[in-house]
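Engineer: One structure follows; several queries about it will come next.
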């Protein structure tokens, strides 16, 4: 066994020659054909863990993978990243440590990487819709990071010794780890990634130079056109010069339009104990799902792929996705959310694979045979340990420290083991819960309860004969929201779908005939309305919490600013030093600063007392139908699921919360993953929408979407599932007096008449719901108990199918049916 030290420096990934490896059901023989290109005749074993990245066990500290927006604040760290990624992309496509080769592990060109084969030859090594989805991608990312890390170390040493550039580069290289793109916090793509084709970097010779931005796209470098057609046979990739995405303006607007829904899905997955089971949480296959809990981290991940790639970008197709450099930023965030979930469920025996599990690989991969049994000790090919003789297993990669990294929300070395889980739950609340329904309604509940108590104590007389409580009625008005997101202008798409659109409307029966819902047609929109059934089953009573008095207490010395959107990555002030001014509004409840809500509300009302703002009108969609909105900020402001600020919800508290509970609503969706021979999306609306499918991703009444992410041609035949949370949108409707309250008696009839779903292919072609194999859409409700302290999470009650909403509609869940 000989170390090939000439390929990369001592800090690089190591290679070794081997004579043979035993063949087993997973096809892990390394001698079946070698790696591609110039070294195809040699048998090369690549250890995943590079010499410069050390595994750590226990509570030892490790470097952090950072949010991309925080990562690039350090110019030296960013410069090393751009230089390293550029070199990795310029490395010969026949080199197993090149961007092209490592990307090819995931899918195309469907050839053996590092000599590992033995499974199916009709796909890559990735494990989608499989129990190994999350654990397999962890060493995959470590391999990519290891190759980048090797380049970073080499480049840092190339700067002239003794210079400021050299000192900074060597320091930054010591704990360098690749960043992640947290689309669940800010769904839009950072400018440096999405809208900067050329970038200026500081070269090791000390000179600034403008180069092709390696984050913007990967430029293919095939020896000839025929080789490209052989390895990437599908159009447009067989002739593409570089990777592409949906145009940045349109893409950011589309992502912003579903940003709140992505956040809500991630929060529910992390916080709801119904997902505290690894098999259920990890993958989109319905074999591990249960009624009312159909979501998974893989399903949320699919939406990003489908949206970013569209019909012509690599990210939209499983077999091509990894060639886009954004893939690795996206998947690093998936790994991070997985790590956060592991931290929250650290004490849960069902939160990971076990040695005695008996799952089955239904479809196999390039190196795993169909029908193989899977447990925590199942090998994860083609990722070898440093010895070269064995492969990593899920047991080996359970901790991110196995590959020498952690995330800001998973640092376990700064606190006692007994406090870690509570701290991890607090991070989930801070990162994703503050804007989700449980976090917002917790703040509303706290503010109104304190207000009611304070009002009563301050207005009740001390007379022994009579007690008088005064109540002041106020009108809550809403401030104009200023988005911090960059202004972008999506291009208008005018392509007309060749296929007919069939809405999910339920037929309405009249005395003389049965017909579709009545429609009012204009030049650009189709407006539909539905007749409420007079025979609807009675729903449970609405919340009955007494509406709190709105008399406010006298202000304190620490006057509160009007709440605004929190700064990204903000941290809590030290305990004991919190005031209204130095504590973000979404932490006022957790910090006991209830008076801050009153003062902020007073300031807000004084500032806007003559204004009465309504965000949208469900019957008016003229500004979107047939024409895309102008800016991301406009999309965010108009989005139906954007929850108003806490101060705007205080007057609606009794309509939203009953005691310490509220009712949550979720659309559960399943369909055959290859039903349309490629990636497709189910769009869920509340309210009217234009019938042109090109407008659906930017409709202001779009609540969210479920995407089936597939190979070109459809791939494997299985049922995939996901969810679209509806509660944020309904809270918005309550605040705008479209729905009386969050109770089932008010919400179910409204959704029956106003909730719709449509299906479109990746190219924006509408498909009737009845033509989508095994499509089922069901609406489920559950009562949720609000959290009471920092380190606790909401408690979801049992889910209840609301059949009345979907009964009798194409693809709708019918009375008595189970969705899985």
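Engineer: When the stretch 374-393 is examined, which residues are found to be touching a residue at least 12 places away in the same chain (Cβ under 8 Å), surrounded by fewer than 17 Cβ atoms within 10 Å (Cβ to Cβ) and more than 30 Å from the chain's Cα centre (by Cα)?
Structural biologist: 385, 386, 387, 389
Engineer: If you take the residues in the stretch 401-416 that are in a loop (DSSP other than H, G, I, E, B) and in contact with a helix residue (DSSP H, G or I) (Cβ under 6 Å, 6 or more places away or on another chain), which one is surrounded by the fewest Cβ atoms within 10 Å (Cβ to Cβ)?
Structural biologist: Among residues in the stretch 401-416 that are in a loop (DSSP other than H, G, I, E, B) and in contact with a helix residue (DSSP H, G or I) (Cβ under 6 Å, 6 or more places away or on another chain), the one surrounded by the fewest Cβ atoms within 10 Å (Cβ to Cβ) is 415.
Engineer: Here's a follow-up. Do the conditions hold for residue 367, that is, is it closer than 16 Å to residue 136 by Cβ, touching a residue at least 12 places away in the same chain (Cβ under 8 Å) and not in a loop (DSSP other than H, G, I, E, B)?
Structural biologist: no
Engineer: Taking residue 339 as the residue in question, decide whether it is surrounded by fewer than 23 Cβ atoms within 10 Å (Cβ to Cβ), in contact with a helix residue (DSSP H, G or I) (Cβ under 8 Å, 6 or more places away or on another chain) and outside any loop (DSSP other than H, G, I, E, B).
Structural biologist: Judged against the criteria, residue 339 is a match.
Engineer: With respect to residue 690, is the statement that it is closer than 29 Å to residue 318 by Cβ, in contact with a strand residue (DSSP E or B) (Cβ under 8 Å, 6 or more places away or on another chain) and not in a strand (DSSP E or B) true?
Structural biologist: Answer is no for this residue.
Engineer: Testing residue 666 on (1) in a helix (DSSP H, G or I); (2) at pLDDT 95 or above; (3) closer than 14 Å to residue 731 by Cα, one condition comes back false. Which one is that?
Structural biologist: (1)
Engineer: Go through the residues of the stretch 154-176 one by one and say whether even a single one is in a loop (DSSP other than H, G, I, E, B), within 19 Å of residue 89 (Cβ to Cβ) and either in the same structural domain as residue 259 (by TED's automatic domain parsing) or out of contact with any helix residue (DSSP H, G or I) (no Cβ under 7 Å at 6 or more places or on another chain) (or both).
Structural biologist: yes
Engineer: If you don't mind, there's one more thing I want to ask. Which number in (1) crowded, with 17+ Cβ neighbours inside 10 Å; (2) assigned to a helix (DSSP H, G or I) marks the one condition that residue 741 misses?
Structural biologist: (2)
Engineer: Here's something else I'd like to know. Among the residues of the stretch 806-814, are any surrounded by fewer than 17 Cβ atoms within 10 Å (Cβ to Cβ) and without any contact (Cβ under 8 Å) to a residue 40 or more places away in the chain?
Structural biologist: Yes - at least one qualifying residue is present in the stretch 806-814.
Engineer: Among the residues of the stretch 67-76, how many are part of a helix (DSSP H, G or I) and surrounded by fewer than 22 Cβ atoms within 10 Å (Cβ to Cβ)?
Structural biologist: 5
Engineer: Would you check if residue 819 is assigned to a helix (DSSP H, G or I) and either surrounded by 21 or more Cβ atoms within 10 Å (Cβ to Cβ) or in contact with a strand residue (DSSP E or B) (Cβ under 8 Å, 6 or more places away or on another chain) (or both)?
Structural biologist: Criteria not met by residue 819.
Engineer: Let me ask something additional. Has the stretch 780-788 got at least one residue that is at pLDDT below 95, outside any helix (DSSP H, G or I), surrounded by fewer than 20 Cβ atoms within 10 Å (Cβ to Cβ) and not assigned by TED's automatic domain parsing to the domain that holds residue 343?
Structural biologist: Yes, because at least one residue in the stretch 780-788 is at pLDDT below 95, outside any helix (DSSP H, G or I), surrounded by fewer than 20 Cβ atoms within 10 Å (Cβ to Cβ) and not assigned by TED's automatic domain parsing to the domain that holds residue 343.
Engineer: Filter the stretch 749-770 for residues that are in contact with a strand residue (DSSP E or B) (Cβ under 8 Å, 6 or more places away or on another chain) and in a helix (DSSP H, G or I); which is surrounded by the fewest Cβ atoms within 10 Å (Cβ to Cβ)?
Structural biologist: Among those that are in contact with a strand residue (DSSP E or B) (Cβ under 8 Å, 6 or more places away or on another chain) and in a helix (DSSP H, G or I), it is 754.
Engineer: Okay, next question. Report, by residue number, each residue of the stretch 201-232 that is in a loop (DSSP other than H, G, I, E, B), more than 18 Å from residue 90 (Cβ to Cβ) and free of Cβ contacts under 8 Å to residues at least 60 places away in the same chain.
Structural biologist: Residues satisfying the conditions are 206, 207, 224.
Engineer: Same structure again: Of the conditions (1) touching a strand residue (DSSP E or B) at 6+ places or on another chain (Cβ under 6 Å); (2) part of a helix (DSSP H, G or I); (3) within 20 Å of residue 706 (Cα to Cα), residue 295 satisfies every one except a single condition; which number is it?
Structural biologist: Of (1) touching a strand residue (DSSP E or B) at 6+ places or on another chain (Cβ under 6 Å); (2) part of a helix (DSSP H, G or I); (3) within 20 Å of residue 706 (Cα to Cα), only one is false for residue 295: (2).
Engineer: Here is a list of conditions, (1) surrounded by 24 or more Cβ atoms within 10 Å (Cβ to Cβ); (2) under 30 Å from residue 283 (Cβ atoms), and residue 133 meets all of them except one; can you say which number that is?
Structural biologist: Answer for residue 133: the failing condition is (1).
Engineer: What do you reckon, is residue 179 in the same structural domain as residue 407 (by TED's automatic domain parsing) and either closer than 23 Å to residue 221 by Cβ or surrounded by 24 or more Cβ atoms within 10 Å (Cβ to Cβ) (or both)?
Structural biologist: no
Engineer: Against the condition in a loop (DSSP other than H, G, I, E, B) and either assigned by TED's automatic domain parsing to the domain that holds residue 712 or buried (at least 24 other Cβ atoms within 10 Å of the Cβ) (or both), how does residue 264 come out, does it pass?
Structural biologist: So residue 264 does not fit the description; no.
The values are calculated or read from the model by the stated rules, or taken from the named source; none is laboratory data. Please read all numbers here as calculations on a predicted model, not as lab measurements. Backbone-built Cβ (ideal geometry, glycine too); neighbour counts: all protein chains shown.
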